[in-house]
Amino acid sequence: AVEIDASDPRALREPVTSLGPEVVFNLASAGVNPADREPLAMLDGNVRFLASLLGAMDSHKPRRFIHTGSCSEYAFAKMGHRIAEDDPVAPASMYGAAKLCASLYGAVLAAERGIPFLNLRLFGVFGIGEASHRVVPYLISKLRENQPVDLTPGEQVRDWLYVDDIVDALLEAATCPHLPESGVFNVCSGRPTRVREISE
């Protein structure tokens, strides 16, 4: 692992040049935690960082650049509708807007520089390492302590995907010869599940 100051675009050049990566994964997502949603920090951590990372590849272009987008980039869908890649993008949150800005800006910047740019829009990721404020860790902690949970009736429908499945999708995107070099792909289970079902 190489640690750098992500706020300094020049700091990215040396590791990219020396490592010469064949595949680059951008997993940066500033603002996932609602407590960390200062507007400029979200732009810095999503758009500016991505622009700096792509800019660091002038001397070495990877075979594939895989950016992790978010289902938050899409407009709200009607109940029962499964979101497809060509559905409208109209984020309802600052986080979704920052992720969409990064996706759009990154795709255009990568195209200008001749870098293949694959955008994997992740849906409801859960699992090991998840922040304590999120639903599944919250439920687990309350149940372990034999405490009641403070939730809505839980009728919200989400697409939940375990973190190991996300890793599999990222590796498949990096190695699959039949996948286009650029474009947007949803990474999800395809199974709508109510929050109540997860809780139960």
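The values are calculated or read from the model by the stated rules, or taken from the named source; none is laboratory data. Treat the numbers as computed from the prediction; the structure is a model and nothing was measured. Don't worry about glycine lacking a Cβ; one is built from the backbone with ideal geometry, like all the others, and counts go over all protein chains shown. SASA here: full protein model, heavy atoms, side chains in, ligands and nucleic acids out. Shrake-Rupley method; radii C 1.70, N 1.55, O 1.52, S 1.80 Å.
Got a number for carbon plus sulfur as a percent of the chain's accessible area, 1.4 Å probe?
Numbers: 6710 of 11710 Å².
Answer for the chain is 57 percent, counting heavy atoms of protein chains only.
Would you kindly state how much longer the chain becomes between ALA35 and LYS61 on full extension, computed as 0.36 nm times their sequence separation minus their alpha carbon distance, in nm to one decimal? Please list the in-between numbers first.
Numbers: separation 26, 0.36 × 26 = 9.36 nm, distance 3.58 nm.
Net length gain for the segment: 5.8 nm.
Could you order PHE65, PHE185 by accessible surface area, starting with the largest, using a probe radius of 1.4 Å?
On the way: PHE65 0, PHE185 60 Å².
These residues rank, largest area first, as PHE185, PHE65.
Per residue, how much accessible area does region 1-142 show when a 1.4 Å probe rolls over the protein heavy atoms, in square angstrom? Intermediate results must be reported in sequence, preceding the final value.
Working: 7600 Å² over 142 residues.
Result: 54 Å² of accessible area for each residue.
For region 68-118, state which chymotrypsin sites (Phe, Trp or Tyr not before Pro) are in a DSSP loop and have at most 12 other beta carbons lying within 10 Å of their beta carbon.
Details: sites: TYR74, PHE76, TYR95, TYR105, PHE117; in loops: PHE76.
Filter output for region 68-118: PHE76.
Counting DSSP beta bridges with both partners in the chain, what percentage is antiparallel, nearest 5?
Working: 4 of 22 bridges.
Antiparallel bridges make up about 20 percent of those DSSP assigns within the chain.
Taking the Cα atoms of the chain alone, what are Rg (to one decimal) and Dmax (as a whole number) in Å?
18.0, 56
Given q = 0.23, 0.24, 0.25 Å⁻¹, what are the Debye log10 I(q)/I(0) values for region 101-148, with equal point scatterers placed on the Cα positions and solvent ignored?
Treating every Cα as an identical point scatterer, log10 I(q)/I(0) equals -0.81, -0.85, -0.88.
Which residues' amide hydrogens lie under 5 Å from the amide hydrogen of VAL125, considering only partners 5 or more residues apart or on another chain, with H built in the peptide plane?
Counting only residues 5 or more places away or on other chains, the set is LEU161.
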